[in-house]
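See structure below.
The values are calculated or read from the model by the stated rules, or taken from the named source; none is laboratory data. Owing to the predicted nature of the structure, the values given are computational and were not obtained by experimental measurement. Counting neighbours? That spans all protein chains shown, and the Cβs are built from the backbone with ideal geometry, glycine included.
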Amino acid sequence: MTKSLLRIAVSPLRRGREIPAPAALPALDDIVARERPQEPLHALRPRTLQLTARRFVEGFPGDTLYAVKCNADPRVLRALWEGGVRHFDCASPAEIALVRSMFGREAAIHYMHPVRARTAIREAYARHAVRDFVLDSVAELDKLLDETRAKPDELALVVRIALPKGAARYDLSGKFGAGFDEAVALLRRCRPLAATLGISFHVGSQCLDPQAYARAIALADTVAGAAGVVIDVLDVGGGFPVAYPDTDVPPLGAFFAAIAAAHAGAAHLAQARLWAEPGRALVAGAGSVVVQVQARRGNALYINDGVYGSLSDAGVPAFRFPVRALRASAEPLRDFAFFGPTCDSADRMVGPFALPDDIGEGDWIEIGQLGAYGAALRTAFNGFDRAHLVEVADRPLLLTPGLDD
Ligand SMILES: *Cc1c(COP(=O)(O)O)cnc(C)c1O
């Protein structure tokens, strides 16, 4: 391993290095030609991160909270910070500690997981000075008050409401969120306790319909009206989509416009400040993985990363990621499926992935749009946990309109 290759840990919650100026970063092809990597090579584009962060922060009509779980690599956090992100949606004490250690009190940390261990509440409140918490039940409110003994004007309390199953690629409606009556009761209980009172929801990840946000805002407005209390914050959650080879996404601006219009028309929420919690949209385009083909059998390529590594979304969710061969070829493209390196037959990615007809053993393939939930979900299953991370100057393999194009 040469010095240019940084080992990434299975748990990426570590302090990183300074990001060099973009001009100093190499091209991915040059690195692969030089290093000839036999293990998955993760490529990060700090400039893309800065650009997408800036686009989102400047375009969204409120505060942008980065959903840290999506990719908690310190280099990612640093580049987003340089792009203007100052708010962080954290879900665990480890994420909170990481953000505090990197940015100190300048970072606004929001604890947006609605079910927490008591020790996690204490650690967030007492050690890391977190004052913003999401809730979806009275039991969690009692737990929070018990553990923090917070003064009435100290906390920001955000009530997460449940949404009907929506149009997103990943439905997130089944696990968290208060039903209508429960949300109304919770808002009323929280109001005298909270300096800031909010309502949040999550439309589901990779949501392709801007109107899904408008419908959710209308529901939040009905809840606010029924509760009859002043709402200070409307948190529209994450779910903003990025482009994949089989998916044309509406431009990011269409989502912002739909949100702004629904917000303006919401009688009980029009005065509330907007928050968003993007994850995928901020980081997906900035990450690629370069894999090597170890065998070809017909239309199947056996590669050295898979569903237990950074390609879990290519497994059962069957995301088609953009791909390109790193070797020039005059052959036409044909469709391939991938098998990952573990012995599990579930380590299979149907794609299809279009690559030159003559691709074979030893060739390298770049797989793009993997900056979100890719490296963050890697496991050490079967011993295949080795990978390296390099920072590159390349543009993303596939551009998302309004975000990084
Ligand atoms: C995962 C998550 C997000 C980020 O979702 P994306 O679809 O990646 O934008 C935002 N908020 C909450 C509460 C989440 O759990």
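Taking strands (runs of 3 or more DSSP E) that fall entirely within the stretch 258-349, which contain at least 3 residues that are within 16 Å of the ligand (Cβ to nearest atom) and in contact (Cβ under 8 Å) with a residue 12 or more places away in the chain? Spell out how you get there, then give the answer.
Details: elements: 273-276, 287-297, 300-303, 323-325, 333-339.
It comes to 273-276.
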Inset, instruction - Give ALA226, ALA216, ALA212, ALA220 a once-over and let me know the one that is part of a helix (DSSP H, G or I), within 14 Å of the ligand (Cβ to nearest atom) and touching a Phe, Trp or Tyr at 6+ places or on another chain (Cβ under 8 Å). - result: ALA216
Legend entry - Considering residues of the stretch 87-109 that are touching a residue at least 60 places away in the same chain (Cβ under 8 Å) and within 22 Å of LEU274 (Cα to Cα) only, the residue surrounded by the fewest Cβ atoms within 10 Å (Cβ to Cβ): HIS87
Inset, instruction - Select, from ARG215, ARG189, the only residue that is under 25 Å from LEU252 (Cβ atoms), modelled with pLDDT of 95 or more and out of contact with any Asp or Glu (no Cβ under 6 Å at 6 or more places or on another chain). - result: ARG215
Inset, instruction - Would you mind stating whether ARG395 is farther than 12 Å from GLY306 by Cα and either within 16 Å of the ligand (Cβ to nearest atom) or touching a Ser or Thr at 6+ places or on another chain (Cβ under 9 Å) (or both)? - result: yes
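Report, by residue number, each residue of the stretch 241-255 that is over 21 Å from ALA318 (Cβ atoms) and either within 13 Å of the ligand (Cβ to nearest atom) or free of Cβ contacts under 8 Å to residues at least 24 places away in the same chain (or both).
Of the residues in the stretch 241-255, the ones over 21 Å from ALA318 (Cβ atoms) are 250-255.
Scanning the stretch 241-255 gives LEU252, PHE255.
Let's see how each residue does on (1) surrounded by 14 or more Cβ atoms within 10 Å (Cβ to Cβ); (2) farther than 21 Å from GLY383 by Cα:
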site: ALA267; (1), (2): no, yes
site: ALA276; (1), (2): yes, yes
site: ALA284; (1), (2): yes, yes
site: VAL291; (1), (2): yes, no
site: ARG297; (1), (2): no, yes
site: LEU326; (1), (2): yes, yes
